[in-house]
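Beneath this line is the structure, given in structure tokens, with notes to follow.
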Amino acid sequence: MPGAGCAAKKTACVTGGNGYIASALVKMLLDKGYAVKTTVRDPGNEEPHPHSVSVSLVSPSDPVRCWGRALSYTPLPGAQQSSTIISRPASMGGAAKKTACVTGGNGYIASALVKMLLEEGYAVKTTVRDPDDTEKNSHLMELKALGPLEIFRADLDDEGSFDDAVAGCDYAFLVAAPVNIITSDNPEKEQIEPSVRGTLNVMRSCVKAGTVRRVVLTSAASSVCIRPLEGDGGHVLDEDSWSDLDYVTAEKPPIWAYVVSKVLLEKAACRFAQEHGISLVILCPGLTVGASPAPKVYSSVPAGLAILSGDEAALATLKGIESSFGAVPIVDLHDLCRAEVLLAETETASGRYICCSFNTTILEIARFLADKYPQYIDVDVDMKKKLLLLSGDEELLEKPRVRLSSAKLVKEGFQFKYNTLHEVYEDTVEYGKALGILRY
Ligand SMILES: NC(=O)c1ccc[n+]([C@@H]2O[C@H](COP(=O)([O-])OP(=O)(O)OC[C@H]3O[C@@H](n4cnc5c(N)ncnc54)[C@H](OP(=O)(O)O)[C@@H]3O)[C@@H](O)[C@H]2O)c1
């Protein structure tokens with residue numbers, strides 16, 4: 001039953017958890033992957049026992065229902081130095097710091113975020129539209145081996161359907177969203193309205209929960225940089241920059257409805273957060289590539305690999321990004337997830353954060369790929385000609401006209417680990433093979 005975290009099979013209660021034997025037993029159970037509930041007479045006493053596990057309880061009165069908060073080891077003398085965090089079950093509210101809700105858990109980004117949070121010791125509650133769809137969700141079942149993971153049914157269009165998933169959570173990562181990058185026939189109904197309405201729907205659940213200390217909203221760099229800019233280059237844009245909706249709706253670049261949806265949902269989320277006292281941070285990632293646990297990916301990875309795969313629709317998406325942004329801003333998925341977690345945990349973080357490790361162009365990517373993966377490319381044909389053949393007569397940029405700056409994120413202590421095309425593509429090409437986008 002969703003929400004019934006106490007029913008998990010690997011749960012042990014140890015009484016007198018700060019005692020000599022019980023401390024060692026708690027440690028051993030944690031080491032073996034159990035979730036542990038323990039009791040002490042005075043949970044308010046944070047003084048660590050000299051040779052044992054220090055424990056604090058949410059409430060001592062009902063050990064069967066209450067979970068320890070973060071536990072840390074004070075190792076026995078001579079023992080190997082170690083520390084660990086216990087995760088409490090996702091269904092439990094209270095003051096513990098490690099329960100996160102991730103919406104849209106079977107998606108490309110959310111799957112990787114769920115995995116990272118579990119690996120870092122969080123209990124995770126995630127939502128999918130159809131939990132019975134085994135094809136879409138089987139990787140989430142596998143992720144359950146990493147830690148406490150509960151899956152809930154929720155739809156952005158159904159008011160209140162996120163209530164159970166968010167209840168008791170400390171952090172809410174809003175990742176689910178319609179992702180029609182190239183504008184569809186009915187953009188208002190398919191992209192713009194559901195994006196804004198769905199974001200507010202989840203935020204209302206956060207207010208109802210009353211436990212969420214930080215909402216992390218995944219928007220996109222497209223809310224930042226689609227605006228008239230004079231000259232050929234040298235434009236450095238930061239979080240003060242907004243895509244200009246008058247310009248976007250007049251010019252109608254191929255991704256215009258996606259851009260409008262991101263600007264409107266961010267502004268609506270900021271207003272709502274202010275009115276309801278929610279601590280909100282917003283990430284604006286560039287084109288995100290890299291391996292995810294998700295077995296199918298619909299937009300960014302196919303676009304990132306389009307030059308190798310030759311897939312015309314994916315190449316059109318990539319071209320749509322370059323022509324609208326004035327660059328192809330790239331971030332690796334692993335870095336994006338690390339940034340999401342950092343911004344959740346950094347109390348002083350606030351506002352928008354661009355998350356982009358470098359800015360490049362289709363031609364730079366194509367030259368790099370032709371050199372690194374010649375088996376996928378007909379090297380006899382000039383790359384620019386080939387790209388033009390594949391995608392019409394539009395001009396391709398030699399250098400980025402626009403550079404998105406992630407300096408604000410870096411000031412929060414973040415360091416990108418994937419800083420070059422080489423680092424980003426190594427993983428992405430392997431993932432593309434596994435997805436069937438590229439041949440082995
Ligand atoms: N990938 C990128 O390069 C990139 C870059 C910048 C920003 N972003 C943003 O990051 C977020 C996630 O993107 P992604 O690449 O991970 O896309 P994705 O793989 O398509 O994931 C989107 C998720 O949203 C869910 N969803 C869509 N409509 C929904 C609805 N009405 N109710 C509930 N769930 C719904 C989908 O569920 P179903 O499986 O049921 O359809 C899916 O789980 C999006 O907001 C996207 O705009 C992505």
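Quick note: the coordinates plus some simple rules give every number you see, no bench work behind them. Since this is a predicted model, take the numbers as computed values, not measurements. Every residue, glycine among them, receives a Cβ derived from its backbone with ideal geometry; neighbour counts consider all protein chains shown.
May I ask for the equivalent-ellipsoid semi-axes of segment 99-435, computed as the square root of five times each C-alpha gyration tensor eigenvalue and listed largest first in whole Å?
Three semi-axes, in Å: 32, 22, 19.
Taking the number of other C-beta atoms within 10 Å as the exposure measure, put ASP158, ASP163, ASP335, ASP240 in order starting with the fewest.
Neighbour counts put them in this order, fewest first: ASP240, ASP158, ASP163, ASP335.
Using mean Cβ contacts within 10 Å as the protection proxy, how do 109-118, 355-364 order, highest first?
Top of the packing list down: 109-118, 355-364.
Taking 22 Å as R0, compute the FRET efficiency from the Cβ-Cβ separation of THR348 and ALA407 and round it to 0.05.
Plugging the Cβ-Cβ distance into 1/(1 + (r/R0)^6) gives 0.85.
All other residues with a Cβ under 11 Å from the Cβ of LEU140 taken together, and with Lys, Arg as +1 and Asp, Glu as -1, what is their net charge?
0
May I ask you to sort TRP256, TRP242 by Cβ crowding, counting other Cβ atoms within 10 Å and putting the fewest first?
Exposure proxy ranking, most exposed first: TRP242, TRP256.
So for the pair ASP132, SER279, with labels modelled 7 Å out along Cα→Cβ, what separation do we get in nm?
4.0 nm
Using a 10 Å cut-off around each Cβ, can you sort ASP332, ASP238 from fewest to most neighbouring Cβ atoms?
Ranked by crowding around the Cβ, least crowded first: ASP238, ASP332.
For segment 127-232, what does the relative contact order come out to in percent, with C-alpha contacts under 8 Å and a separation of six or more?
30 percent
Would you pull out the residues with amide H under 5 Å of ILE282's amide H, same chain only if 5 or more places away, H placed 1.01 Å from N?
LEU217, GLY351, ARG352, TYR353
Could you pull out every residue, at least 5 positions away or on a different chain, whose amide H is within less than 5 Å of the one on THR361? Hs are placed 1.01 Å off N in the peptide plane, and Pro or chain starts have none.
The answer is VAL328.
Filter the trypsin sites (Lys or Arg not before Pro) in segment 183-213 to those in DSSP coil with at most 16 other Cβ atoms within 10 Å of their Cβ, and list the result.
When the trypsin sites (Lys or Arg not before Pro) of segment 183-213 are filtered for loop state and at most 16 Cβ neighbours within 10 Å, ARG213 remain.
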